[in-house]
Amino acid sequence: MSKKSYRQAINEAIASEMRRDPTVILMGEDVAGGAGAPGDQDAWGGVLGVTKGLVTEFGRGRVLDTPLSESAYIGAAAGAAATGLRPIAELMFIDFMGVCFDQIFNQAAKFRYMFGGHAVTPLVIRAMYGAGFRAASQHSQCLYPIFTHIPGLKVVIPSSAYEVKGLLIQAIRDNDPVIFLENKVMYDQVEEVPDETYTIPFGEANLTREGDDVTIVAFGRMVQIANEAADRLAKQGIHCNVLDPRTTSPLDADTILQCVEETGRLVIVDEASPRCNMATDVSALVAQEAFGALKAPIRMVCPPHTPVPFAPNLEDLFVPNADRVEQAVKSVMGYKIRENA
Amino acid sequence: MGEINAITMPKFGLAMTEGKVASWAKPIGAVVKAGDDIADIETTKITNAFESPFNGIMRRHVATVQDELPVGALIAVMASADVSEDEIDRFIDSFQAEFVNADTGEDKASEVEPSTVDVSGRKIRYLDMGQGAGPPVVFIHGFGGDLNSWLFTQPALADHHRTIALDLPGHGGSTKDVGAADISALAKIVSDTLAALAIPSAHFVGHSLGAAIALSIALDDPSRAASLSLISPAGLGKEINATFIDGFVASDRRKALEPVLQMLFADPSLVKRDMIDDLIKAKRIDGASEALTKIADVNFKDGTQTTVLAGRLPELSIPVQIIWGEEDRVIPVAHSQELPVAATVRVLADSGHMPHMERAAEVNALLISFLQ
């Protein structure tokens, strides 16, 4: 056990699975060499250095730099998965997924179903998501609701360095296509991460704070924001459950509903655009299955329905923060049910 | 004359960074002797009684009950009766001023971290703490635990002894290969670990499965053990709670594990979120679940202990102390009765299977005086 960054935890997960299983391969733009870097093979290791060192250990045969064509190599990865390999394809920014929707939605996601359960597609597509990195509108989105919408895909959004290692190993060992989303703002965050390999099962929400007053469901980096708000609120006498679903597909609906039954109040923190996102999905679930438990309307803390701004001051306003979560919790705590007219 | 003592937030175990006063055991004005409980300290892992390090009169409760405070923060002030209120105010002011400065610094470099040693191909993790003359004190945790089980015990003994707490194979940060997994095979690995650390002889403190291992080491090679302290030991009778063992092996989620862990304590409310999380994390390491299953199958199948060593106790010529919680729901305290030798048996009230966590102060006092 030692302190590791989120970036290092991802690198360790990939390296340990490549050592354990010779069918695991890594492919993507710049994952090996980094085009344009002078001379040495392992100059770059991906756009933010996450895969640095892997080509040195595993060689060019298993760490493949691909051409700048997402449609081509995501399709190749889906085919490789269907024919016996376990590819990890790094797609750099989730924003680029648009050009390979057919490969993901119509091919990889459908193989198991359309081949009558006889085909498995053990494919992991890793991509960075999220705002706050000064990367402008085309490199900052949170498109996980789109993938959550597609049956046949599993969608994972790890919230810390410990979580990212266990969830990525689970993703690589999983026999279905997994969309694995890394918030780039978190790459340098550090926490205790075991040196050993370990797995965290999909579809199991993690309770990161315990309290009786309000349930906060948060995704990815928003879990940290929610924890920060919950810690502040605890000092003011308001105690929150904070739930990190870890995966949006499968979604641990049971635990969400149990927590809402206990607290009667729900705040959802989702960094994705506010229409048809995870906050609306969880809201619908609770409204349908636990309406009777609610003591106040559900509150969603989300960005506004705009592209992610490039101006730093606007981008900082755009991403939900602990202040907004704190306000939302206080507003549901202060809600009074109207007397019958 | 005029002595003022700061009572600060204690650090229970390596991971604790903050805690809160759950309740005060000594009101303002109470006469306090060193060793008296002054407050219950709650962390996200467990709640534990905090003993006064000093004699004196409780003059101020500085911490508000249920307020989260960092380790080292001022929680109370004790002083003799002749100290004026003004002097205490000044003491608090200067403490707080200095503490803020200290707190902004980086992590203290003096923090002890666990190490690992290679023992014939197995990696064994251990925590080496303190120094002293004579054989070191070696702690062996129970089934499913790890070296952090001794978070209240090891630091107390490290004041006067070199102490080593280790992770058994299959547990904590040690290799998950448990070999044959029976008591004598595990004892051999522990002996080899100590040999690798150049420790020819030790005072063993073992809990549950770890106590049976310590006993086995002492029986097989009496030169290795200077004394035995057996806490809620396995190996002295047949029965063991199958619901606990099987539940612990099978539970891989918080909701399932919580009631199982509560069986360990007389007061189930002692089990906090971080204790459950730490155990879930340990069980999710590759091979951990298989290791626990194998140890349980080999040693504790169907609620019956495979190895009973009670009959061999007369072979020992070293001091033996047995400590047991009166309300142990995992291994019956009755195993401590009618032993064939005159071991010192201490049965502690208000304690389940984990007296070293639940009655830490009493267990520490018993161990310290036994080792003198």
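The values are calculated or read from the model by the stated rules, or taken from the named source; none is laboratory data. Predicted, not measured: the structure shown is a model, and the values here were computed from it. Heads up, the Cβs are rebuilt from the backbone with ideal geometry, glycines too, and the neighbour counts pull from every protein chain shown. Just so you know, the surface numbers come from the protein's heavy atoms only, side chains and all, with ligands and any DNA or RNA stripped out. Shrake-Rupley method; radii C 1.70, N 1.55, O 1.52, S 1.80 Å.
Observations on the model:
- Segment B:184-201, residues that are among the hydrophobic types (A, V, I, L, M, F, W, C) and open to solvent by 10 Å² or more (accessible area, probe 1.4 Å): B:185, B:189, B:195, B:196, B:197, B:198
- Residues satisfying the stated conditions in segment A:136-173, i.e. within 21 Å of residue A:27 (Cα to Cα) and either of a type in the set (Val, Ile, Thr) or open to solvent by 20 Å² or more (accessible area, probe 1.4 Å) (or both): A:139, A:154, A:155, A:156, A:157, A:164, A:169, A:170, A:172, A:173
- When segment B:46-67 is limited to residues that are within 14 Å of chain A (Cβ to nearest Cβ) and surrounded by fewer than 17 Cβ atoms within 10 Å (Cβ to Cβ), the one that is nearest to residue B:24 (Cα to Cα) turns out to be B:65.
- In segment B:218-232, the residues that are of a type in the set (A, V, I, L, M, F, W, C), open to solvent by 10 Å² or more (accessible area, probe 1.4 Å) and not in a helix (DSSP H, G or I): B:226
- Residues within segment B:135-181 that are outside any loop (DSSP other than H, G, I, E, B) and within 14 Å of chain A (Cβ to nearest Cβ), tallied: 2
- Residue match in segment B:351-360 (condition: assigned by TED's automatic domain parsing to the domain that holds residue B:226, within 14 Å of residue B:232 (Cα to Cα) and surrounded by fewer than 19 Cβ atoms within 10 Å (Cβ to Cβ)): no
- Selection of segment A:264-280 for residues being out of contact with any Leu (no Cβ under 8 Å at 6 or more places or on another chain) and either open to solvent by 60 Å² or more (accessible area, probe 1.4 Å) or under 12 Å from residue A:215 (Cα atoms) (or both) yields A:267, A:268, A:269, A:275, A:276.
- Long-range neighbours under 8 Å by Cβ, at least six apart or interchain, first residue more than 7 Å from chain B (Cβ to nearest Cβ) within segment A:193-210, second open to solvent by 20 Å² or more (accessible area, probe 1.4 Å) and in a strand (DSSP E or B): A:193/A:2; A:193/A:3; A:195/A:2; A:202/A:154
- Sole residue being more than 23 Å from the chain's Cα centre (by Cα), touching a residue at least 12 places away in the same chain (Cβ under 8 Å) and not assigned by TED's automatic domain parsing to the domain that holds residue A:138, chosen from A:319, A:301, A:325, A:329: A:329
- Qualifying positions in segment B:253-268 - facing chain A (nearest Cβ under 10 Å) and in a helix (DSSP H, G or I): B:254, B:255
- For residue B:317, the criteria (1) over 23 Å from residue B:137 (Cα atoms); (2) in contact (Cβ under 8 Å) with a residue 24 or more places away in the chain hold in every case but one, which is (1).
- For segment A:221-240, the condition holds for at least one residue, the condition being that it is more than 10 Å from chain B (Cβ to nearest Cβ) and in a strand (DSSP E or B).
- For segment B:1-45, a residue qualifies if it is open to solvent by less than 40 Å² (accessible area, probe 1.4 Å), under 13 Å from residue B:71 (Cβ atoms), touching a strand residue (DSSP E or B) at 6+ places or on another chain (Cβ under 7 Å) and assigned to a loop (DSSP other than H, G, I, E, B), and the qualifying residues are B:9, B:10, B:12, B:43.
- Every pair of residues 6+ apart whose Cβ atoms lie under 7 Å, when the first sits in segment A:215-229 and is touching a residue at least 12 places away in the same chain (Cβ under 8 Å) and closer than 11 Å to residue A:325 by Cα while the second is part of a loop (DSSP other than H, G, I, E, B) and among the acidic types (Asp, Glu): A:222/A:270; A:222/A:271
- The criterion of being open to solvent by less than 70 Å² (accessible area, probe 1.4 Å) and modelled with pLDDT under 80 does not hold for residue B:121.
- Across segment B:269-283, the qualifying residues are those that are open to solvent by 30 Å² or more (accessible area, probe 1.4 Å) and in contact with a strand residue (DSSP E or B) (Cβ under 8 Å, 6 or more places away or on another chain), and the one among them that is nearest to the other protein chains (Cβ to nearest Cβ) is B:273.
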